[in-house]
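S.K.: Have a look at this one before I ask anything.
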Amino acid sequence: MTPTVNIGVLAPVIWVACGSMVVLLGEVFLSRMGIHAGKPLTPARIGSVLGFFSVATLAIALGTASAAFSSGVTESFNPANPMFQLDPFSSFMMGVIALGALLSCMLAITYLEELRINHGEYYALVLLSTSGMMMMVAAIDLLAVFLGLELMSIPIYVLAGFDRGRLRSNESAMKYFLIGAFASAVMLYGMALLYGASGSTSFDALRAGIDTGTPMATIGVGLVMVGFAFKISSVPFHQWTPDVYEGAPSAVTAFMSVTVKATAVGALLRFVGLGLGPLDEAMVEVLWLLAVLTIVVGNLMAVIQDNVKRMLAYSSIGHSGYIMVGLVAGTPDGYSAIVFYLVAYTFMNLGAFGVVVALAHHGQDCERIESFAGLAQRRPTLAAMMTLFMVALAGIPPTVGFFAKFQIFTAAVNAGQISLAVIGVLISVVSVYYYLRIPVLMYMRDPGEETPRMTIDSFEALVLGICALAVVALGIWPNDLGAIHISDWAQESVRVLFP
């Protein structure tokens, strides 16, 4: 008997996966056309054409995910053996991932030309990784989670070392691969233990049949949580983050900084909400400790960095701690605050990395913090945008960063986690120092010897404009921005996680 399969459930994934195949084949055919026809179709131009195609593909995937969310549909890919489910949460998270990938692809085209590495396989790897991310947030089975995890991770290992001519890029790829492989093995072992404890890998079966008081189940849950902690850069599993962020090309760092975090957090929320249910007191205490350590270590280590990419890496670790505050709260308000935070972080972080990308020139990244000295005199618009993104990341009103943190801490207080909220607020004050250090350099110091790129591509300008507009508009009108109601949509999306 032929099983009933609902292809439409994975429509966003299918669009992106097929797009990656088209990009791979397109590079081959376009290269041969250029050779045989004698046209000046250089590899860089081929890369740009395929980059435009990838942007269009991701735009279609974003539209498909948005339509699925608007319809409110909840369907399984294979009802007889449900492993992937399209519901308001998975469709919303697919949209966030597609948005992050779309904006980062737009940033990459001119940047890769500046670094002379604009090859079509870059976009194929981005699309392949994005398809794995979408599978991961739609998974309702441990095997499906692992399948999505590997499809997401392996292309990113390659992307981290995409600038093959630089030792630092190769080093970051090797570090990420080795540590990532170890984390994947730990997670897979935890999944095996959960299967042994419950007799199934389905989230529904785990929730109904697992006894978290048994040693096998406890260790299994712990190992799976370690795997997720690695992906979201939680202390003490964060060591890879600054090295990989610094060594990878800035366009890759921009892509992975928002999409990998959104994917890992989305999959973690589904695993906890659908697979485990309300967390017991011991697990809450462990997550409380990890959240505090992540916030403290991320923010304190960011203070002493002299490389803007490393600074943003430790900043990313700190933001993971804020996200974990919502997880500790364990309420629908906490989960919806996390989802809204991911949307806000996408615009804030992509905007900051977008400025770094727009300043790259002569095959070099503009990544030293001192390189931003006097930028307001040379590139006043970019300096103003970088200031806006730094203010937003610091959580200063009226930006979206303030409202996102306010929601997280409010959910923690309402859940009785007052001490955790107080610690988070106090440590947030530290972030103001290192975030505002860059605007001080841009406006209060004279320019140095380094000369940034003096032109900006239309795609780069569009991305920065979108991010800047979203950072301000969502901070002032988080619930009522015309037809956009991000905060309300976040609350609606997480209802499925509380059956």
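S.K.: Starting from segment 282-300, keep only residues that are surrounded by fewer than 21 Cβ atoms within 10 Å (Cβ to Cβ), then list their pairs with residues that are not in a helix (DSSP H, G or I) whose Cβ atoms are within a distance under 6 Å, requiring at least 6 positions of separation or different chains.
M.R.: Leu293/Val235; Val297/Val235
S.K.: While we're on this one: Tell me which helices (runs of 4 or more DSSP H) are completely within segment 397-499 and hold 2 or more residues being in contact with a strand residue (DSSP E or B) (Cβ under 8 Å, 6 or more places away or on another chain), or say none if there are none.
M.R.: Hits in segment 397-499: 458-476.
S.K.: Quick one: count up the residues across segment 115-124 that are part of a helix (DSSP H, G or I) and among the charged types (D, E, K, R).
M.R.: 1
S.K.: Does at least one position in segment 304-320 carry a residue that is crowded, with 19+ Cβ neighbours inside 10 Å, among the β-branched types (Val, Ile, Thr), in a helix (DSSP H, G or I) and modelled with pLDDT of 85 or more?
M.R.: yes
S.K.: Here's something else I'd like to know. All but one of (1) part of a helix (DSSP H, G or I); (2) under 27 Å from the mean Cα position of the chain (by Cα) hold for Ala217; state the number of the condition that does not hold.
M.R.: Just one mismatch for Ala217, condition (2).
S.K.: Can you name every residue in segment 238-251 that is in a loop (DSSP other than H, G, I, E, B) and under 17 Å from Thr263 (Cα atoms)?
M.R.: Within segment 238-251, His238 is the sole residue that qualifies.
S.K.: Considering each of Met390, Met386, Met444 in turn, give the residue that is without any contact (Cβ under 8 Å) to a residue 60 or more places away in the chain, farther than 30 Å from Gly330 by Cα, out of contact with any Cys (no Cβ under 8 Å at 6 or more places or on another chain) and buried (at least 21 other Cβ atoms within 10 Å of the Cβ).
M.R.: From the options Met390, Met386, Met444, the qualifying one is Met386.
S.K.: Oh, and also: Taking segment 140-154 only, how many residues are β-branched (Val, Ile, Thr) and either buried (at least 22 other Cβ atoms within 10 Å of the Cβ) or more than 15 Å from Ala183 (Cβ to Cβ) (or both)?
M.R.: Here the count works out to 2.
S.K.: Can you tell me which residues in segment 50-64 are surrounded by fewer than 18 Cβ atoms within 10 Å (Cβ to Cβ) and either at pLDDT below 90 or touching a Gly at 6+ places or on another chain (Cβ under 6 Å) (or both)?
M.R.: Selection gives nothing.
S.K.: Regarding Thr263, is this residue part of a helix (DSSP H, G or I), closer than 18 Å to Ile338 by Cβ and at pLDDT 90 or above?
M.R.: Yes; evaluated as a whole, the condition is true for this residue.
S.K.: For Ser184, state whether it is free of Cβ contacts under 8 Å to residues at least 40 places away in the same chain and either within 29 Å of Pro278 (Cα to Cα) or out of contact with any Leu (no Cβ under 9 Å at 6 or more places or on another chain) (or both).
M.R.: It is false that Ser184 is free of Cβ contacts under 8 Å to residues at least 40 places away in the same chain and either within 29 Å of Pro278 (Cα to Cα) or out of contact with any Leu (no Cβ under 9 Å at 6 or more places or on another chain) (or both).
Yes/no per residue for (1) surrounded by fewer than 23 Cβ atoms within 10 Å (Cβ to Cβ); (2) at pLDDT below 90; (3) in a helix (DSSP H, G or I); (4) in contact with a Leu (Cβ under 8 Å, 6 or more places away or on another chain):
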position: Arg32; (1), (2), (3), (4): yes, yes, yes, no
position: Ser66; (1), (2), (3), (4): yes, no, yes, no
position: Pro79; (1), (2), (3), (4): yes, yes, no, no
position: Gly95; (1), (2), (3), (4): no, no, yes, yes
position: Gly100; (1), (2), (3), (4): no, no, yes, yes
position: Glu113; (1), (2), (3), (4): yes, yes, yes, no
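S.K.: Conditions: (1) β-branched (Val, Ile, Thr); (2) under 26 Å from Thr294 (Cα atoms); (3) in contact (Cβ under 8 Å) with a residue 24 or more places away in the chain. Val357 meets all but one. Number of the miss?
M.R.: Val357 satisfies all of (1) β-branched (Val, Ile, Thr); (2) under 26 Å from Thr294 (Cα atoms); (3) in contact (Cβ under 8 Å) with a residue 24 or more places away in the chain except (2).
S.K.: Out of curiosity, is Leu112 under 25 Å from Phe459 (Cβ atoms), of a type in the set (A, V, I, L, M) and in contact with a helix residue (DSSP H, G or I) (Cβ under 8 Å, 6 or more places away or on another chain)?
M.R.: yes
The values are calculated or read from the model by the stated rules, or taken from the named source; none is laboratory data. Keep in mind it's a predicted model, so treat the numbers as computed, not measured. FYI the Cβ positions are ideal-geometry reconstructions off the backbone, even for glycines, and counts take in every protein chain you see.
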